[in-house]
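Taking it in order: structure first as structure tokens, then the write-up.
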Amino acid sequence: MPDETRTQTHTLSPAATDRTAVDVPAPRRWLTRLVIVGIVLAALNLRPAITSLGALLEEARVGLHMSGSVAGVLTSVPPLCFAIFGIAAPRLARRFGPGAVVCAGMAAIATGLLIRPFAGGTAGFLAASALALMGIAVSNVLMPVIVKRYFPERVGSMTGLYSMALALGTSVAAAATVPMTEALGGSWQVGLGVWAVLAVLAVLPWIGLAGDRGAAARSVARPGAGQSPAPRVTRSRTAWALGCFFGLQATGAYITMGWMPQIFRDAGVSAGTAGVLLAVTMVMGVPLAFVIPRLATRMKTQGPLVVALGLCGLTGYTGLVFAPAAGAWAWALLLGISNCAFPLALTMIGMRSRTGAGVVRLSAFAQSTGYLISIPGPLLVGVLYQHSGGWELPIALMAGLIVPQVAVGVLAGRDRTIEDEC
């Protein structure tokens, strides 16, 4: 980067509270407030494109004449886009600045959500979805970087705020899509397209932050003279463990977001209630996404948290097999707790490197690798559902994936950084 600055790095202890690797001057007060608003609005828009479709998947499938297998492909598109476009985020951020890239990402989300229900046919629907998901992908990778740059002494709390807003947007979209669709005339196209309004609002603060390239881009700049080179994350066992953990938790999350309403509907639950149950699952992330990152930064290792979340997931999936309708609310709650492996993974990304350059590389590597790992899951669930005629086999697959998730999560949560291994 032409704008080189001197940075001072400190050893980051996982037991320390909300410390960062980059020692930078505090931004101006108005800029801090604008960044907070931007982070919250961006986070609110990182999942409605997915959960709103989950609530109306049956209607969209019928309207687009999709088979169960094709619908499985549709639920696999988000992780595929996240993996492909997430890789490009660090390079784009170095060239244009993180604020400008996130601003473009929010604009892509708004455009994709607006045109996808009316694009005509499955191919157009998928293409517009990919545009929105491209915007989500680059924002996913850059949010930890922006948090680390602007809030060097509050990484845990700001990651919690970001994760909490993300969970809130996810749950609101799941709960409100069906009743809002009915209130707007019953058209599933309108019910999906209306979420573009929220994305348009998210563009506004990032327009102001797009010009702060010189400040924010420092956290993703290539090392200058006298600086330690960024670590090669592919040589780190911790990075690979974190990537696998991220991928397995993402697999469970996207299967849940894409298929849980259908599981409950097939068990005799109404469409509206099924959407609310998905919202319950997602809303669990609102309080827990704030608590878990703060708790994780105070622990020497994060393995106990990984195990506790995994046990909740196993219990919830077991309940879905034996009493999907009778215990629906309990299973939704337990799976919601299990899905909080996502904010834990984000927190561990910030804790497993000592430098800003290391964090951005680890974030891109772990998320891109993780989303690649998660691609087959939703597709395989759709295939098993169509060919088995029931949910026993798909749910057994979901439960089985919890075991390796816990194993690699314990490895990723060890008290070490990628610089120790590279």
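Give ALA239, ALA250 a once-over and let me know the one that is more than 21 Å from PRO394 (Cα to Cα) and either among the acidic types (Asp, Glu) or open to solvent by less than 10 Å² (accessible area, probe 1.4 Å) (or both).
Selected residue: ALA239, the only one of ALA239, ALA250 that is more than 21 Å from PRO394 (Cα to Cα) and either among the acidic types (Asp, Glu) or open to solvent by less than 10 Å² (accessible area, probe 1.4 Å) (or both).
VAL62: surrounded by fewer than 19 Cβ atoms within 10 Å (Cβ to Cβ) and either more than 23 Å from SER374 (Cβ to Cβ) or modelled with pLDDT of 80 or more (or both), yes or no?
Yes; evaluated as a whole, the condition is true for this residue.
Enumerate the pairs (first residue in the range 264-277 and closer than 11 Å to ALA176 by Cα and in contact (Cβ under 8 Å) with a residue 40 or more places away in the chain; second residue anywhere and open to solvent by less than 30 Å² (accessible area, probe 1.4 Å) and part of a helix (DSSP H, G or I)) with beta-carbon separation below 7 Å, excluding pairs fewer than 6 apart on the same chain, so at least 6 apart or on different chains.
GLY272/VAL178; GLY275/ALA55; GLY275/ALA174; GLY275/THR177; GLY275/VAL178; GLY275/PRO261
Report, by residue number, each residue of the range 41-59 that is within 14 Å of the chain's Cα centre (by Cα) and either in a helix (DSSP H, G or I) or surrounded by fewer than 23 Cβ atoms within 10 Å (Cβ to Cβ) (or both).
Within the range 41-59, ALA42, ALA43, LEU44, PRO48, ALA49, ILE50, THR51 meet the criteria.
Tell me which residues, restricted to the range 390-422, are open to solvent by less than 50 Å² (accessible area, probe 1.4 Å) and within 29 Å of ARG298 (Cβ to Cβ).
Correct list: LEU401, ILE402, GLN405, VAL406, VAL408, GLY409, ALA412, GLY413, THR417, ILE418, GLU419, GLU421.
Exactly one condition in (1) over 22 Å from ALA83 (Cα atoms); (2) open to solvent by less than 30 Å² (accessible area, probe 1.4 Å) is not met by ALA175; state its number.
Exception for ALA175: condition (2).
Which of the residues that make up the range 90-132 are open to solvent by 10 Å² or more (accessible area, probe 1.4 Å), more than 17 Å from TRP206 (Cα to Cα), in a helix (DSSP H, G or I) and among the aliphatic types (A, V, I, L, M)?
Across the range 90-132, the qualifying residues are LEU114, ILE115, ALA123, LEU126, ALA127, ALA130, LEU131.
So, GLN367, is that one at pLDDT 90 or above, closer than 24 Å to MET143 by Cβ and of a type in the set (S, T, N, Q) or not?
So GLN367 fails the test.
Considering every residue within the range 29-46, establish whether at least one is touching a helix residue (DSSP H, G or I) at 6+ places or on another chain (Cβ under 6 Å), at pLDDT 80 or above and either under 30 Å from GLN386 (Cβ atoms) or among the aromatic types (Phe, Trp, Tyr) (or both).
Checked the range 29-46: at least one residue is touching a helix residue (DSSP H, G or I) at 6+ places or on another chain (Cβ under 6 Å), at pLDDT 80 or above and either under 30 Å from GLN386 (Cβ atoms) or among the aromatic types (Phe, Trp, Tyr) (or both).
Please determine, by comparing only the residues of the range 377-422 that are closer than 18 Å to PHE322 by Cα and part of a loop (DSSP other than H, G, I, E, B), which one is modelled with the lowest pLDDT.
Restricting to residues being closer than 18 Å to PHE322 by Cα and part of a loop (DSSP other than H, G, I, E, B), the top hit is GLY389.
Going through the range 253-262 one residue at a time, which ones are closer than 12 Å to ILE375 by Cα and within 12 Å of the chain's Cα centre (by Cα)?
Within the range 253-262, ALA253, TYR254 qualify.
Go through the range 187-213 and give me each residue that's modelled with pLDDT of 85 or more and of a type outside the set (A, V, I, L, M, F, W, C).
SER187, GLN189, GLY191, GLY193, PRO205, GLY208
If we only count helices (runs of 4 or more DSSP H) wholly inside the range 260-371, which ones have 1 or more residues that are farther than 23 Å from LEU397 by Cα?
Of the helices (runs of 4 or more DSSP H) lying wholly inside the range 260-371, those with at least 1 residues that are farther than 23 Å from LEU397 by Cα span 271-283, 285-296, 303-322, 341-351.
The values are calculated or read from the model by the stated rules, or taken from the named source; none is laboratory data. Only a predicted model underlies this, so the values are computations on that prediction, with no experimental measurement involved. Here Cβ is always computed from backbone atoms with ideal geometry, including for glycine, and neighbour counts include all displayed protein chains. These area figures cover heavy atoms from the full protein model, side chains too; ligands, DNA and RNA do not enter into them. Shrake-Rupley method; radii C 1.70, N 1.55, O 1.52, S 1.80 Å.
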